[in-house]
1. Placing unit charges on C-beta atoms (Lys and Arg positive, Asp and Glu negative, everything else neutral), compute the dipole magnitude of the chain about its Cα centre in debye, rounded to 20.
2. Calculate how steeply helix 7-23 sits against the longest principal axis of the alpha-carbon atoms of the chain, using the helix alpha-carbon long axis, and give the answer as 0 to 90 degrees to the nearest 10.
3. Give me the distance in nm between label points sitting 7 Å out from Cα along the Cα-to-Cβ direction at Thr149 and Tyr287, one decimal.
4. Just flag the chymotrypsin sites (Phe, Trp or Tyr not before Pro) in the stretch 1-36 sitting in loop per DSSP whose Cβ has no more than 14 other Cβ atoms within 10 Å.
5. Based solely on its DSSP helices, what 222 nm [θ] is calculated for the chain when runs of n ≥ 4 H residues each add -39,500 (n - 2.57) and the sum is averaged over all residues, nearest 500 deg cm²/dmol?
6. Convert 25 °C to kelvin, take the viscosity as 0.890 mPa s, use the Kirkwood radius over C-alpha pairs of the stretch 212-337 as Rh, and evaluate the Stokes-Einstein diffusion coefficient in µm²/s, rounded to a whole number.
7. Please identify the longest segment of the chain free of exposed GluC sites (Glu not before Pro), where exposed means a DSSP state other than H, G, I, E or B and no more than 15 other Cβ atoms within 10 Å.
8. Kirkwood hydrodynamic radius, computed over distinct alpha-carbon pairs, for the chain: how many Å, to one decimal?
Amino acid sequence: MNFDLTEEQQLLADTAREVFTRSYDIEKRNKVIDAPLDSGLGWSRDVWRQLAEIGILGLGFEPEESGQVEIMVVMTEIGRRLAPEPVAAAALIPGGVIAELGSDEQRALLDDVAAGERLLALAHAEKDLRGLDELSTRATRHGDSWSITGRKNPVLAGDCADVLVVTAALPDGGVGLFLVDATAVTRHSYRTFDGQRGADIEFDAAPAQPLGDGGDVSERIHAALIRYSSALCAEAVGAMDEALRLTTDYLKARKQFGVPLKTFQTLTQRAADMYVSLELARSMNYYAAMCIIDGRLDPVVAARSKLQIGRSGRHIAQEAIQMHGGIGVTAEYPVAHYAARLTAIDQTLGSATDQLRFLSSQVGKYGIVAL
């Protein structure tokens, strides 16, 4: 099996890396994400415009032109530089849902999204939500119109979104997707501990437009969440890769007892274990993306991938901080920020423990192998 990127995919990765490297070091990133909630986005409009010009904000909207591998390589570079721009949350994932299910009129919105002029957000998560059958947000029909009542939290990029793609329980059963204007809801914005932004959103009979033909689209929601999980896995791999690089560089440069730390065998063995964790995560990241490309939107594959990414991320983050010592937990040094982002990714769409719980529930579906 060929795991090499095509020439176009490698060019996309290199271009994305150049934009993010030029735009962010740890000092610039801290300045951007620390902007006040009432007067700043927590990310750069200028960088967002550059991403639009490159074509990154429209990846996946036209499947014949780009797909999950292109999303994967871009998200890896986002993770590598800890770029705060909500590329997946505010463009690629909700935009992909609209591209797949929306009417011609609704898909016209994607032109503005790809151009960086409008922002989206997928409003799905709810407190203690574990399955679509537990949704408390409800859609109500009034003749030819619909409204939504409920609460969604956390909604990543929900603080700045212009249009919300909302999951809601239907009156006759099943789960539908709706477009809601962000001006019709009440938003409570906040910072997440990893430097991102989110919102607690209240829907009080908010006017809503069914996505496409409407009706129960539970399977398509599951598919969108699987694609989102794959994008998060790619971002985590980029963050792990850079955390390992920072750690090995530190072991080469930092001296103790007059010699570099790399001369201590135990530390080099621990760094080697970090590399093994990274490569396990990278392999599962490729596996998840390639299954999606093959049309295999399997929740078991997604759970396996996210389980390994969660375990690898925790291992690499902890070891990176331990081997840096006190400097590893300072705000002025990037390692702690990588650890925070890896922790947040692990908790998004279910932690490693949640994935293990789901996989355990699937064991009974397998037959017994006899030798």
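The values are calculated or read from the model by the stated rules, or taken from the named source; none is laboratory data. Please read these numbers as outputs of a predicted model, since none were measured by experiment. Note: ideal-geometry Cβ built from the backbone for every residue, glycine included; neighbour counts use all protein chains shown. Just so you know, the surface numbers come from the protein's heavy atoms only, side chains and all, with ligands and any DNA or RNA stripped out. Shrake-Rupley method; radii C 1.70, N 1.55, O 1.52, S 1.80 Å.
1. Its charge dipole is roughly 1760 debye.
2. In the chain, helix 7-23 runs at an angle near 80 degrees to the longest axis.
3. 4.6 nm
4. Loop-located and lightly packed - Phe3.
5. -16000 deg cm²/dmol
6. 152 µm²/s
7. In short, 118-331.
8. For the chain, the Kirkwood estimate is 21.4 Å.
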